[in-house]
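The values are calculated or read from the model by the stated rules, or taken from the named source; none is laboratory data. Fair warning: this is a prediction, and the values are worked out from it, not measured in the lab. Note that each Cβ is placed from the backbone with ideal geometry, even for glycine, and that neighbours are counted across all protein chains shown.
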Amino acid sequence: MSELMKTENLVSLYEIERCYGGAEEGGWWYDLWTLIEVVAELPLKHREAAHDLAGILNAAEPATEWNRFSVNGGAERKYIVECERGEYETTETPHYE
């Protein structure tokens, strides 16, 4: 991938789940971000248009009965703008310190 490609605006769909991190301090949780797909690639100069597209897609995303904060579990899907594919993806489990 060229340097120019790395500076594009990617509108990406992520699934966000709440995961149990551990029992320290009464238990803690973290968000696990998984890249589902890149739905659009726009030149860097069209950053505002990329954010507009992400907003429209988020508004059109169907509502779910449960979300990641529900005791029943569940995941949320969210469109975001990033410069590199998978920029927001969780790559390792965080550790409590």
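Numbers at a glance
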read-out: Test result for residue 15, charged (D, E, K, R), in contact with a Leu (Cβ under 7 Å, 6 or more places away or on another chain), at pLDDT 90 or above and outside any loop (DSSP other than H, G, I, E, B); value: no
read-out: All positions within the stretch 56-79 that are surrounded by 13 or more Cβ atoms within 10 Å (Cβ to Cβ) and not in a loop (DSSP other than H, G, I, E, B); value: 57, 58, 75, 76, 77, 78, 79
read-out: Residue identified as of a type outside the set (Gly, Ala, Ser) and modelled with pLDDT of 95 or more among 35, 44; value: 35
read-out: Search result, residues across the stretch 11-25 that are over 14 Å from residue 90 (Cα atoms) and in contact with a helix residue (DSSP H, G or I) (Cβ under 8 Å, 6 or more places away or on another chain); value: 11
read-out: Filter result (within 30 Å of residue 95 (Cβ to Cβ) and either of a type in the set (Phe, Trp, Tyr) or surrounded by fewer than 15 Cβ atoms within 10 Å (Cβ to Cβ) (or both)) within the stretch 35-55; value: 36, 37, 38
